[in-house]
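S.K.: Sharing a structure below in structure tokens format, with a few things to ask.
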Amino acid sequence: MQAQLAVGYARVSLEGEDISNQVHAIEDYAKTNGLTLVGVFRDVGVSGAKPALEREGFRQLLTALESMPAIRTIIVFDITRLGRDMLDVMDTYKYLTEKGYNILFAKHPELNVIQSTPLGEAIRKATLAMLSVTAEIERALISERTRSALARAKAMGKHVGRRGTQIPIDVVRQYLSMGLTKKAIYRLLVQQGLLRYQERGVVKVLSYNQFLVRLKSMGL
């Protein structure tokens, strides 16, 4: 019996951000579940706020699927790769399923049970919506904590501006104490414009690897 074919989709919001963990998770999921992965399409440096249908990598995925009708399965790392909020996630999911594609999530295997009845599909959509809302709330809470931490740092006279690439170490320590990963902290600082620097008149952003080197030099 020929193995079922599938393609994958991964996305990261920042240039220089490591996408390999998503790709490996998709590859592992395909292998574990007996799927033959034809390829993984990627969007790098693309915010989830940008609708999926406007992303270059996602459009390439759709074009490839149109030319390969034998492939009806798409493996996505997690639901947040489809969109930034519940409405966007559900719109993208609806668009793909109405075209007859089966969407699987490497990080959410509970959603991947094939639903062959209207009730089963309704339950899957409800669970997808709930997880999307949870992720949306978590982003909002992190954003609020970021603003509060930066406000406290400014009140204490700490540097939190864009001068060079000085890292607000007290803010980083606070985030670490809250249980955030270094990658999550890096993303937050980039979103706040705190890791920018100028090189020959061009504004650039400190890479994640450079960020880790700086933290290591600070004993973190």
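S.K.: Any idea which of 117, 181 is at pLDDT below 70 and either over 30 Å from residue 34 (Cβ atoms) or surrounded by fewer than 16 Cβ atoms within 10 Å (Cβ to Cβ) (or both)?
M.R.: Just a single option satisfies the conditions, and that option is 117.
S.K.: Now for a separate question. If we keep just the residues of the stretch 64-89 that are farther than 18 Å from residue 99 by Cα and in contact (Cβ under 8 Å) with a residue 60 or more places away in the chain, which is surrounded by the fewest Cβ atoms within 10 Å (Cβ to Cβ)?
M.R.: Checking each candidate, the answer is 81.
S.K.: Is it true that some residue in the stretch 47-63 is assigned to a strand (DSSP E or B), surrounded by fewer than 16 Cβ atoms within 10 Å (Cβ to Cβ) and either out of contact with any Ser or Thr (no Cβ under 6 Å at 6 or more places or on another chain) or assigned by TED's automatic domain parsing to the domain that holds residue 208 (or both)? Can you show your working first?
M.R.: Kept after step one, since they are assigned to a strand (DSSP E or B), are these residues of the stretch 47-63: none.
Within the stretch 47-63, none of the residues are assigned to a strand (DSSP E or B), surrounded by fewer than 16 Cβ atoms within 10 Å (Cβ to Cβ) and either out of contact with any Ser or Thr (no Cβ under 6 Å at 6 or more places or on another chain) or assigned by TED's automatic domain parsing to the domain that holds residue 208 (or both).
S.K.: Using the structure shown, decide if residue 7 is part of a strand (DSSP E or B) and at pLDDT below 95.
M.R.: Considered against the rule, which asks whether it is part of a strand (DSSP E or B) and at pLDDT below 95, residue 7 comes out as no.
S.K.: Counting only residues that are free of Cβ contacts under 8 Å to residues at least 40 places away in the same chain, under 24 Å from residue 19 (Cα atoms) and in a helix (DSSP H, G or I), how many does the stretch 163-185 have?
M.R.: Residues meeting the conditions: 3.
The values are calculated or read from the model by the stated rules, or taken from the named source; none is laboratory data. In this text, all values refer to a predicted model and were calculated from it rather than measured experimentally. Positions of Cβ are backbone-derived with ideal geometry, glycine not excepted, and every protein chain shown enters the neighbour counts.
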